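Worksheet for the structure shown next.
The values are calculated or read from the model by the stated rules, or taken from the named source; none is laboratory data. Quick caveat, the model's predicted, so the values are computed rather than measured. SASA here: full protein model, heavy atoms, side chains in, ligands and nucleic acids out. Shrake-Rupley method; radii C 1.70, N 1.55, O 1.52, S 1.80 Å.
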Amino acid sequence: MVLFSLSMGGIFGILLGICLVTTRPTGLLENSLIYRILNPIINTLRSLPFIILLVAIVPLTKLIVGSSFGTLAAIVPLTIYVAPYIARLVENSLLEVDNGIIEAAKSMGATPLQIIWYFMLPEAFSSLILTITTATIGLIGATAMAGAIGAGGIGDLAISYGYQRFDTTVTVICVIILVIVIQFIQSLGNYLARKARHQ
C-alpha cells in the first residue's frame with residue numbers, strides 16, 4: 001500500500017508542486033488562472049482528515065478499481081491523500097532555491113523546462129529527499145486508518161487484534177514495530193539528504 005501509493009502520489013505531487021511554483025505570481029510560467037484553480041484544490045484536499053477522505057471518495061474508488069473494500073481500494077484514497085501533501089512540500093522546497101540561480105539560467109538562455117530540470121530540481125534535491133521522507137511517514141500513519149475498509153496492514157492488526165480483543169501485547173508489539181520502521185525511514189532520509197548536499 002505504502003510503496004504503490006507513494007509512487008503514484010509522488011509523481012502527481014511533484015508535478016503539482018512544480019506547477020504551483022511555476023504558475024504562481026512572478027513564477028517562470030506565470031498563469032493566474034491555473035494557480036487559482038490548483039491552489040484551493042490542494043488546500044481543500046489537504047484539509048480533509050484521511051478517514052473522511054476515505055469515505056467521501058468511495059464512488060470514485062469503485063469507479064477506478066471496481067471495489068470499495070480491500071488493499072487495492074485503499075490505494076486510491078491514499079494516493080489522493082498524499083499527492084497534495086507532497087505538492088505543498090515540493091513547492092516549499094523549490095521556493096527555497098536561490099533566485100540568483102534562476103536569473104543566471106535565464107541570462108544563459110535556458111528555457112523554463114531547462115531551468116526546472118537542470119537548475120531548480122538539482123538545487124532542491126536534498127530538500128526533496130526530506131520531503132519524500134516526511135510524506136512516507138505520513139502515509140504510513142494513514143495506512144493504519146485504511147484498515148477501516150479491510151486494507152490490512154499493521155495498523156489494522158493493532159486495532160483488530162490489540163484494541164478490539166483487549167490484547168495489550170499485540171498493541172505494544174505493533175507500536176514498537178511502527179516506531180522502528182519510522183525511525184529507519186527518517187534516518188535513511190536524513191542520510192540521503194546529507195549525501196545529496198555534499199555532492
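Computed across segment 44-133, the Kirkwood radius stands at 15.4 Å (inverse of mean 1/r, all Cα pairs). In deg cm²/dmol, rounded to 500, what helix-only [θ] at 222 nm does the chain give when every DSSP H run of at least 4 residues adds -39500 (n - 2.57) and the total is split over its residues? The helix-only estimate for the chain comes to -24000 deg cm²/dmol at 222 nm. In the assembled protein chains, Y81 presents an accessible area of approximately 60 Å² (probe radius 1.4 Å). Counting Cα-Cα pairs of segment 1-101 in 5 Å increments starting at 0 gives whole-percent bin shares of 3, 14, 20, 21, 17, 11, 8, 4, 2, 1, 0. Accessible area ranking (1.4 Å probe, heavy atoms, ligands and nucleic acids excluded), largest first, for I115, I140, I14, I173: I173, I14, I140, I115. Accessible area per residue (1.4 Å probe, heavy atoms of protein chains only) ranks M1, M145, M120 as M145, M1, M120, with the largest value leading. Legend: Rg and Dmax of the chain, from Cα coordinates, 19.3, 66 Å. F4 sits with roughly 120 Å² accessible to a 1.4 Å probe, with DNA, RNA and ligands left out of the calculation.
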